[in-house]
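What follows draws every value from the coordinates through simple rules; no lab data is involved. Remember, it's a predicted structure, so these values are computed and weren't measured experimentally. FYI the Cβ positions are ideal-geometry reconstructions off the backbone, even for glycines, and counts take in every protein chain you see.
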Amino acid sequence: MNIVHISAECYPIAKVGGLADVVGSLPKYQNALGVEACVIMPFYDLTFTKKHKFSKLYSNTVKLGSTSFDFRVLKLESSELGFTLFLIDVKELLFKDYVYSFDDTDRFLAFQKAVLDWLLTFKEKPSIIHCHDHHTALIPFMLQECYRYRPLNNIPTVLTIHNAQYQGWFDYDKLSYIPDFNVDNVGLLDWDGVINPLATGIKCAWRVTTVSPTYMEELKQKANGLESLLTAEKKKCLGILNGIDVEVWNPEKDAYLVKKYTVRNNISGKKANKKYLCEKFKLHKNKPLFIFIGRLVGEKGADLLPEVFTKVLADKNCTVLVLGSGNKDIEKELYKLQSGYSGHYNAYTGYNEKLSHIMYAGADFLLMPSRVEPCGLNQMYSLKYGTIPVVRSIGGLKDTVIDITKKNGFGICHKEATVAAIIKAVKKAITLYDDNQQEYRKISKKIMQIDHSWNTSAEAYITLYKSII
């Protein structure tokens, strides 16, 4: 079985969010299970592409309307990723020092067409084409409807929705960018009067998956306008929980850590990493340390954090460290807190892979008060590092974190994304840490042994592929 994953992101080449982590892990685990999986993504002007060598496999031109663009297909020469990596180089559109921008319709349409033009040259066609999010969601339509790609239209397609809030909408003035097809079927492209790539992919893909079972059910109620479509297409939809790459996220092997550790010595290991964080960010070492890592946007509940931290830190019985970027107003509000809560609060604005690993290892609790969380990987990372998650029970968080008040529980959960609910959960965590340190340590060791590796999920996807080949 030959699986082709097509994505705008893939760790460690280009990462904006969890999409990159999934696409950088799933193919590797699938290969380990005996199938042949590769990744095709854009060639960006980023650190990874500058430091690695690539060989050219193919070149051609791709047209958007009346404008032609040259493109090349490149292959990563090293085998370090655990899967074969191909990159589509459309210099004028894709070779940038960023992943997403204002002109993404043109950029990702050119990318998708170039991918399919290259696949037309294959003597042995892929067994499955697995598309990820709206950036690649027009591929199932083009395979099914466009005359140019008829030689490929018997290849089964899978579309994974990582986040339904982003759908790639564009107007009909760019309809000519899509290769010729029977215009009687133009309705497949339409949703609410515009071309909607994600909706199109849901209509045309052979199977549609989301990154957790609960998120799939939630989308039928709240999917940024696609609720009725997902309900109508429910027979081909399936939620498969994401996993994490335990080669990358493993405190026993993690080269980023100040001190590596196992379940057996996790107390001393976490203490050493916490000491580093507290010294670097001038935080009190003897208080429970809460961290937030992620995009500072409303979707993640980050707009609630300034008020939460203001009220929680007034008692001075915990410390908080934030790592992330996003909404500039939220960034400013979080930055302001540094002057008022010296010794108890600090923030790092931006992306820092090394720091994130040390934070998972050194923190006592992870905050995830998300309004929307399709799967969530951060809570799985924190579990692996023995850091107790404090989360809102929604989407994948509901699938992966059980409240400590329930049987076999190990996390702290709240139902609403409100300031009051988050504060209540934080105080519950502080009480656990201060008043029952023995139980805290027992839970910390227990959660490190929960298996959220990609093995189970990779097998589930392979089973899905086999059912449609």
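Below are the figures for this structure:
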| read-out | value |
| --- | --- |
| Residue-wise HN-Hα coupling along region 296-310, computed from phi with Karplus coefficients 6.51, -1.76, 1.60 (Hz; x: Gly, Pro) | 8, 9, x, 3, 8, x, 5, 5, 7, 5, x, 5, 4, 5, 4 |
| Mean-position separation - Cα centroids, region 353-392 and region 400-469, in angstrom | 10 |
| Filtered trypsin sites (Lys or Arg not before Pro), region 202-284: DSSP coil and at most 15 other beta carbons within 10 Å | 222, 253, 264, 282 |
| Potential extension, residue 446-residue 147 segment - 0.36 nm per residue separation minus Cα distance | 102.1 nm |
| Residue order, fewest to most surrounding Cβ atoms within 10 angstrom, among 43, 170, 71, 102 | 102, 170, 43, 71 |
| Alpha-carbon centroids, region 1-27 and region 178-245: separation in whole Å | 20 |
| Distance histogram in 5 Å bins (all Cα pairs of region 103-166, percent per bin) | 4, 18, 28, 27, 15, 7, 2, 0 |
| Eligible lysines near residue 282 by straight Cα distance, threshold 18 Å, same-chain separation 8 or greater | 270, 271, 274, 316, 336 |
| Region 266-447: antiparallel DSSP beta bridges as a percent of all, rounded to 5 | 0 |
| Contour minus Cα-Cα distance for residue 231 and residue 217 (0.36 nm per residue) | 4.1 nm |
| Nearby aspartates and glutamates by direct alpha-carbon distance to residue 406 (threshold 16 angstrom, same-chain neighbours under 8 apart not counted) | 439 |
| Cα-based radius of gyration of the chain once divided by 2.2 N^0.38 Å, which approximates compact folds | 1.00 |
| Karplus-derived HN-Hα couplings along region 68-78 (A = 6.51, B = -1.76, C = 1.60, θ = phi - 60°), whole Hz, x at Gly and Pro | 9, 10, 6, 9, 10, 9, 10, 10, 5, 6, 7 |
| Over the chain: helical MRE at 222 nm, DSSP H runs n ≥ 4 each giving -39500 (n - 2.57), nearest 500 | -10000 deg cm²/dmol |
| Extension gain, residue 469 back to residue 174 (0.36 nm per residue minus Cα-Cα distance, nm) | 102.9 nm |
| Rough spin-label spacing in nm, given labels placed 7 Å along Cα→Cβ, for residue 405 and residue 55 | 6.1 |
| Cα gyration tensor, region 266-447 - rounded (a/c under 1.5), prolate or oblate | rounded |
| Trypsin sites (Lys or Arg not before Pro) within region 59-135: DSSP coil, no more than 10 neighbouring Cβ in 10 Å | 123 |
| Listed pairs 259/300; 15/50; 28/235; 222/415; 234/407; 174/300 exceeding 23 Å between Cα atoms | 259/300; 28/235; 234/407; 174/300 |
| DSSP-defined antiparallel bridges as percent of all bridges, the chain, nearest 5 | 30 |
| Mean shadow area of region 167-226, taken as a quarter of the surface of its Cα convex hull (nm²) | 4.8 |
